[in-house]
Amino acid sequence: MRGKRWIQKITAAALAAAVAVSLSGTGFAKETVVYAAEEAAQAAVPQVLPQPTPEEAYAAAGFVRSVYTNEWIPAEQAGVRPIAVMMPTDRIAQPSYGISNAKILYEIMEEGEISRQMAIIDDWTGLPKIGNVRSCRAYYLPEATEWDPILVHFGGVVYMKDRITAPDINNITGAQQYGVAGGTPGAEAFFRTTDRKAPHNAYTSAPGIVNACAQLGYPLNIRQGVYNPKHFTFAQGINTLEQYGAAAATANAIDLSQIYTYTKSAFVYNPADGLYYKSIHGKPQTDGLNGEQLKFANVIVQNTKWVRLDDKGYLAFQNIDNTEDGYYFTKGKCIHVTWQKMGDYLPTVYYDDFGNEIQLNEGKTYIAVAQKGRSVLYN
């Protein structure tokens, strides 16, 4: 038995040797060994998979580009209606609360040579204190409706009666919405504090706005068919305005004191972060909630036709127009622009002197709707 097994082993070994000799004569064995070695080496190298681009990564995580700033925001936030809050520029009323959340900040002159601000805030639902809140004027409405907001104000004037009561306007107000007998929709959303005297101590909050909208039947999401999602055109990358050559002037400081003689609103460019820092009454304009100074990637001065309506000094502006000009400031530079707005819910579009729509930089935008004939200074 032992001999038989020994013979089988010898026979198998001999057969294997014979096969190896036979194959080596053809070169097949050598090629097979080399191929196997290459296959093993390839298997040992880790496979490098294509990496998603930042755009793909953000999209996969449920983010979209903001129509206000072009920054990445959660998709659910993009569907929330913004609020348009009327805020004062009065020296005694500073600082405002929640104003640094404004992605678009308008400043327009009112009667008495005192301007007012309208803050377009998209991420408002977590704000505990917003304001103080002041009254509205008719010429803010065409600017506001571009964004389909919930308008938050504390009263108004008779000149806005027809527009503020139109069914497409969703507003809440702590005082009669256009003066005597105007009604006060959403008045319960407001509260007063004791640290300031009226009219500078009226505020609202995110919970107050949500509750008021529920009672008034105002939707909290963007209204399809009403809202126009096309607003600014943003640059892919950074727009330094260098493409305009000598037509782009240096603008490290922007002085609006000839436009807003009371507030003397101004900006200083910070090259470290590429933003313009805003001041008011000669001091940094800050947010009472966080102490942050207001800063913007884009500053626009929009020259606008205007008239005085009566002896009280109430004004009117021609917000819907296609014949006026202005200036665009970004990254320490400035170019001349023209602008057009063709309807309430249509966006204001800004063009360079070659007829191309300007490309804004990512970030917040300040818009001065300036009285035509008043000058902006910069250097």
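The values are calculated or read from the model by the stated rules, or taken from the named source; none is laboratory data. In this text, all values refer to a predicted model and were calculated from it rather than measured experimentally. Cβ sites come from the backbone with ideal geometry, for glycine too, and all protein chains shown count toward neighbours.
For region 191-227, filtering for residues that are farther than 17 Å from Lys129 by Cβ, of a type in the set (D, E, K, R) and either more than 25 Å from the chain's Cα centre (by Cα) or not in a loop (DSSP other than H, G, I, E, B) (or both) leaves 1.
If you go through region 228-264 and keep only what is in a loop (DSSP other than H, G, I, E, B) and of a type in the set (Phe, Trp, Tyr), you end up with Phe232, Tyr260, Tyr262. Within the option set Val307, Val299, being touching a residue at least 24 places away in the same chain (Cβ under 8 Å), outside the structural domain of Pro88 (by TED's automatic domain parsing) and not polar (S, T, N, Q) holds for one residue only, Val299. Evaluate region 211-225: report whether one residue or more is under 28 Å from Ala370 (Cβ atoms) and either surrounded by 14 or more Cβ atoms within 10 Å (Cβ to Cβ) or touching a residue at least 40 places away in the same chain (Cβ under 8 Å) (or both). Looking through region 211-225, none of the residues is under 28 Å from Ala370 (Cβ atoms) and either surrounded by 14 or more Cβ atoms within 10 Å (Cβ to Cβ) or touching a residue at least 40 places away in the same chain (Cβ under 8 Å) (or both).
Restricted to region 303-329, and to residues there that are β-branched (Val, Ile, Thr) and either touching a Cys at 6+ places or on another chain (Cβ under 9 Å) or under 19 Å from Ser375 (Cα atoms) (or both), the residue that is surrounded by the most Cβ atoms within 10 Å (Cβ to Cβ) is Thr304.
Within the set Ile108, Ile114, the sole residue that is surrounded by 20 or more Cβ atoms within 10 Å (Cβ to Cβ), closer than 30 Å to Lys312 by Cα and in contact with a Phe, Trp or Tyr (Cβ under 7 Å, 6 or more places away or on another chain) turns out to be Ile108. Within region 236-252, the set of residues being of a type in the set (A, V, I, L, M), out of contact with any Cys (no Cβ under 6 Å at 6 or more places or on another chain) and surrounded by 15 or more Cβ atoms within 10 Å (Cβ to Cβ) comprises Leu241, Ala248.
Comparison of Asn356, Asn303 shows that the only residue that is closer than 19 Å to Glu143 by Cβ and not hydroxyl-bearing (Ser, Thr, Tyr) is Asn303.
If the condition is being closer than 11 Å to Lys331 by Cα and in a loop (DSSP other than H, G, I, E, B), then region 265-284 contributes Pro271, Ala272, Asp273, Gly274. Is one or more of the residues making up region 277-295 within 19 Å of Asn379 (Cβ to Cβ), surrounded by 15 or more Cβ atoms within 10 Å (Cβ to Cβ), in contact (Cβ under 8 Å) with a residue 40 or more places away in the chain and aromatic (Phe, Trp, Tyr)? The answer is no; no qualifying residue exists. In region 355-377, the qualifying residues are those that are within 25 Å of Gln293 (Cα to Cα) and β-branched (Val, Ile, Thr), and the one that is surrounded by the fewest Cβ atoms within 10 Å (Cβ to Cβ) is Val376. For region 120-160, filtering for residues that are of a type in the set (Phe, Trp, Tyr) and in a loop (DSSP other than H, G, I, E, B) leaves 3.
Residues that are touching a residue at least 24 places away in the same chain (Cβ under 8 Å), polar (S, T, N, Q), assigned to a strand (DSSP E or B) and farther than 27 Å from Ile114 by Cα occur in region 336-359; there is at least one.
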